[in-house]
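The block underneath contains the structure these notes are about, expressed in structure tokens.
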Ligand code: ADP
Ligand code: MG
């Protein structure tokens, strides 16, 4: 005999759910994250209680089970965590949900849709109604003398509650999917979503396909329509064991079983201790590389990485990888995954991670981030700015440290990492400050030198002038002349070098950059011509050029070249050329 209890969640809730649905429309798979993270929270709470001696650590391991049935169009999430008493369901599900949702509405009802909420954190349990018409909870608290509770709610409007016969500690949430969301009962789809959000959650997550035939025929009392069972699905146990969802792996499993071998114990879908959570001293290079392959599906080895590990003044852990990039073929776009206590939040949140670091690949876990606020609030949050600055500083420290201690490595990586560093210097003054002395340039001998080193070496011949090469082949004539005069130039052939040069000039008032063909340095001028010869050449050349260019009154200056192998040479003043390049860039050619 159960005494039923019915109630309205709130008079406002009919307004709330359309809003929630609308807000979260773009990623309504997020309910998976919310429900599984609630299960993790429930386990964490229980672990805390046992640490405090208020609960005896159970024999069976903590776990979360996700089960789908495409036939029934249901998903269940089960945890063996702390559970809830009737009073707690009242408090945390019925009331808090109401007030939480109301606060949510209050905060966001007038806001435009572009102002996306980042984590959708705090929405939690009720996100289930984005995909389900009906949701049930069956839960039993760790407190032995409390009755289990059954709770049911349709459309997030009215709930009913009664006692349940459940005997195991923990909570089971069942979602009866709505018409638009049947996809989530599909094994491959749900595994994909779990992989996206829950790869590193701190409690083991197992998956079962409830439609699959049972391993032992005697157990196969469930009526299953064989046609509906996906071929790739093995039995319930085996289907939990992979992250490799490709058909081949599954086929192998089937073969093993036919050979009469015992199926392996099911493996969880997630890794409960991500590499970033370990102390850097305990991680091997192989582990870093393996983690990189697994998370970014990039089979090119990363160049190197930075392990961030900080407890004070804020909590931040993570690993940033410098990928090997081929600027010609790859797009320069990395991925930085942001986590909150091992729960995936989103990729590439530019408010938290400096823009230029988006070229890297990595994971950042920051439990202290206020992720339940809107993006614009995040942008103006001083704390978020501190995190962003910290990450920038760490990257600069790693790079300058490598320059100082492993210059050879640094030079080896330079071709790959220099676009990133230059971009960072252009985007972030603090980064520029830290990195400007560690930018190196290849010179005409193929050696890497810094700008101060170049200036020092050329002090006498070309003080404060920096000559650079943008195309080694096209400018080879000049390069040879430079070399024969014992003069040096820097190779700067990348697209980013042009804005980078402009910035360097702005920062170092006395330094000026000239492309190697910009002017004829005195060093190249040979013996002075006799007045007669000079005039003869001048007249001839003036006539030739005036005709060729269809211009009058050209001012021609004749000088002899020291280099005997060069008959003549063209120069173009730096300023004129830069102006032309700029016009070309803005599509004003010919003006
Ligand atoms: P939040 O997780 O941010 O507190 P939720 O809406 O996700 O908000 O959950 C509301 C509350 O319901 C939780 O704080 C918790 O007390 C309770 N709860 C939800 N799911 C579970 C569960 N699986 N086990 C125990 N308690 C739960
Ligand atoms: Mg929650």
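The values are calculated or read from the model by the stated rules, or taken from the named source; none is laboratory data. Keep in mind it's a predicted model, so treat the numbers as computed, not measured. Note that each Cβ is placed from the backbone with ideal geometry, even for glycine, and that neighbours are counted across all protein chains shown.
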Would a scan of region 183-206 turn up a residue that is modelled with pLDDT of 95 or more and assigned to a strand (DSSP E or B)?
yes
Kindly evaluate residue 85 against the criterion of being surrounded by fewer than 23 Cβ atoms within 10 Å (Cβ to Cβ), under 34 Å from the mean Cα position of the chain (by Cα), touching a residue at least 40 places away in the same chain (Cβ under 8 Å) and within 11 Å of ligand 1 (Cβ to nearest atom).
no
Restricted to region 338-353, and to residues that are surrounded by fewer than 21 Cβ atoms within 10 Å (Cβ to Cβ) and within 24 Å of residue 417 (Cα to Cα), which residue is modelled with the highest pLDDT?
347
Can you tell me which of (1) closer than 20 Å to residue 499 by Cβ; (2) free of Cβ contacts under 8 Å to residues at least 12 places away in the same chain; (3) surrounded by 10 or more Cβ atoms within 10 Å (Cβ to Cβ) is the one residue 586 doesn't meet?
(3)
Report, by residue number, each residue of region 402-431 that is in a helix (DSSP H, G or I), surrounded by 20 or more Cβ atoms within 10 Å (Cβ to Cβ) and in contact (Cβ under 8 Å) with a residue 60 or more places away in the chain.
417, 418, 420, 422, 423, 424, 425, 431
Complete set of residues in region 37-55 that are more than 9 Å from ligand 1 (Cβ to nearest atom) and in contact with a helix residue (DSSP H, G or I) (Cβ under 7 Å, 6 or more places away or on another chain):
55
Being modelled with pLDDT under 65, buried (at least 18 other Cβ atoms within 10 Å of the Cβ) and either assigned to a strand (DSSP E or B) or more than 13 Å from ligand 1 (Cβ to nearest atom) (or both), is that true of even one residue in region 96-108?
no
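Counting only residues that are farther than 16 Å from residue 446 by Cβ and not in a helix (DSSP H, G or I), how many does region 472-485 have?
Taking region 472-485 and keeping what is farther than 16 Å from residue 446 by Cβ, we get 474, 477-478, 481, 484-485.
From what is left, the residues that are not in a helix (DSSP H, G or I) are 474, 485.
The qualifying residues number 2.
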Residue 495, sole failed condition from (1) under 25 Å from residue 415 (Cβ atoms); (2) within 39 Å of the chain's Cα centre (by Cα); (3) surrounded by 14 or more Cβ atoms within 10 Å (Cβ to Cβ)
(3)
Options 44, 78: the member that is under 24 Å from residue 340 (Cβ atoms), at pLDDT 60 or above and part of a helix (DSSP H, G or I)
44
Could you tell me whether region 520-535 includes any residue that is assigned to a loop (DSSP other than H, G, I, E, B) and within 42 Å of the chain's Cα centre (by Cα)?
no
Considering residues of region 133-152 that are within 14 Å of ligand 1 (Cβ to nearest atom) and touching a helix residue (DSSP H, G or I) at 6+ places or on another chain (Cβ under 8 Å) only, the residue farthest from residue 34 (Cα to Cα):
146
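Does at least one position in region 530-549 carry a residue that is touching a helix residue (DSSP H, G or I) at 6+ places or on another chain (Cβ under 9 Å) and loosely packed, with under 10 Cβ neighbours inside 10 Å?
For region 530-549, residues touching a helix residue (DSSP H, G or I) at 6+ places or on another chain (Cβ under 9 Å) and loosely packed, with under 10 Cβ neighbours inside 10 Å: absent.
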